[in-house]
Amino acid sequence: MSLPGAVESAHFGKRDFRVGNRIFMSLPEAGRAVVKFTPDQQRLFLETEPGVCAAVPGGWGLKGWTSVYFADAEEDIIDHVMETAWRNVAPKP
């Protein structure tokens, strides 16, 4: 992963990616990632990428956590999703 400060780790036995011990993306199963968005970012991605993004059920989804399905996603969308989630936890300059 080429995002500055990003490291691979694990959370409850699932791969995740962090910056400064803050998770911005996890890979709970093949073909799906879960990313940390703000609720406003989540609404935008749900509107613009309905076949790719879906809110995580329950309280985590209300906080902005969003499932991203790789099968229907173009590479530039995945890059944008990951960078957006990374920016949400990366230290501000």
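The values are calculated or read from the model by the stated rules, or taken from the named source; none is laboratory data. All values reported here derive from a predicted model rather than from experimental measurement. We place every Cβ from the backbone using ideal geometry, glycine too, and count neighbours over all the protein chains shown.
Out of segment 48-80, which residues are surrounded by fewer than 17 Cβ atoms within 10 Å (Cβ to Cβ), out of contact with any strand residue (DSSP E or B) (no Cβ under 6 Å at 6 or more places or on another chain) and either on the phi > 0 side of the Ramachandran plot or not in a helix (DSSP H, G or I) (or both)? Hits for segment 48-80 are Pro50, Gly51, Pro57, Gly58, Lys63, Glu74. Residues being within 13 Å of Trp86 (Cα to Cα), at pLDDT below 95 and over 14 Å from the mean Cα position of the chain (by Cα) are represented in segment 13-25 by at least one member. Which condition from (1) of a type outside the set (A, V, I, L, M, F, W, C); (2) exposed (fewer than 13 other Cβ atoms within 10 Å of the Cβ); (3) closer than 25 Å to Lys92 by Cβ; (4) touching a residue at least 24 places away in the same chain (Cβ under 8 Å) is the one that Glu8 breaks? Looking at each condition in turn, Glu8 falls short on (4). So is Phe45 in contact with a strand residue (DSSP E or B) (Cβ under 6 Å, 6 or more places away or on another chain), in a helix (DSSP H, G or I), of a type in the set (Phe, Trp, Tyr) and surrounded by 14 or more Cβ atoms within 10 Å (Cβ to Cβ) or not? In short, yes. Pull up segment 18-29, narrow it to residues that are touching a residue at least 40 places away in the same chain (Cβ under 8 Å) and touching a Phe, Trp or Tyr at 6+ places or on another chain (Cβ under 9 Å), then point me to the one that is farthest from Lys92 (Cα to Cα). Going through the qualifying residues, I end up with Met25.
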